[in-house]
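Let me begin by presenting the structure, written as structure tokens, before commenting on it.
The values are calculated or read from the model by the stated rules, or taken from the named source; none is laboratory data. Keep in mind the model is a prediction, meaning the values are calculated, not measured. Here the Cβ is made from the backbone with ideal geometry for all residues, glycine too, and neighbour counts use every protein chain on show.
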Amino acid sequence: MRTRDAVLFLFVDLGADPVIVNPWGFNALYMATDTPELLDRLLTYPGVDVNRHCGERQETAIHLAAVIGSVQATQTLMSAGALINARTSFNENALWLAIWKGHTEVAVIKLTASIYCIETGGSGGSMNQDHELMS
């Protein structure tokens, strides 16, 4: 475990607010997208919103997972109810970002989830929850 992760665990365990945002508008969940153990742990805290828009671009953690090409983060966030069709302030969704960055495996996960939800009468989110339909 990296030092920053251990420090964050310690702060949260001592009562620090895991949903607080930094001066640039990013929360701990968004910043933890590249660290699977930290991401998993943060998702267990009450009040942590998997779909919170962060920063100037109004991205969610699922957007960052797409940009960095993290299959594990994508699957974890989708299982937690992340809206795969959430849009940034530039009208980008996670599928578009994954394709743009060349992260084919992440894009396939997102497409599969969208197709599954459409075929089952869902609305394009994770396979566990209904969300808004991809336009």
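Details
- Considering only residues in region 87-135 that are modelled with pLDDT under 50 and among the hydroxyl-bearing types (Ser, Thr, Tyr), the one that is surrounded by the fewest Cβ atoms within 10 Å (Cβ to Cβ) turns out to be SER135.
- Which numbered condition ALA86 fails, given (1) assigned to a loop (DSSP other than H, G, I, E, B); (2) in contact with a Lys or Arg (Cβ under 8 Å, 6 or more places away or on another chain); (3) under 22 Å from VAL19 (Cβ atoms): (2)
- None of THR60, THR33 is within 24 Å of VAL108 (Cα to Cα), surrounded by 14 or more Cβ atoms within 10 Å (Cβ to Cβ) and in contact with a strand residue (DSSP E or B) (Cβ under 9 Å, 6 or more places away or on another chain) except THR60.
- Of all residues in region 45-64, those satisfying the criterion of being part of a helix (DSSP H, G or I) and under 21 Å from VAL12 (Cβ atoms) are ALA61, LEU64.
- Take the conditions (1) touching an Asp or Glu at 6+ places or on another chain (Cβ under 7 Å); (2) modelled with pLDDT of 85 or more; (3) not basic (Lys, Arg); MET1 misses just one of them, which is (2).
- Checklist (1) touching a residue at least 12 places away in the same chain (Cβ under 8 Å); (2) closer than 16 Å to ALA82 by Cβ applied to GLU37, failing item: (2)
- Some residue of region 15-32 being closer than 15 Å to ALA82 by Cβ and either among the aliphatic types (A, V, I, L, M) or assigned to a loop (DSSP other than H, G, I, E, B) (or both): yes
- Here LEU10 does not qualify as outside any loop (DSSP other than H, G, I, E, B) and either surrounded by 12 or more Cβ atoms within 10 Å (Cβ to Cβ) or among the aromatic types (Phe, Trp, Tyr) (or both).
- Cβ-Cβ under 9 Å pairs, at least 6 apart or on other chains, region 80-105 side of a type in the set (Phe, Trp, Tyr), far side at pLDDT 90 or above: PHE90/ARG57; PHE90/GLN58; TRP96/ALA66; TRP100/ALA66; TRP100/VAL67; TRP100/GLU92
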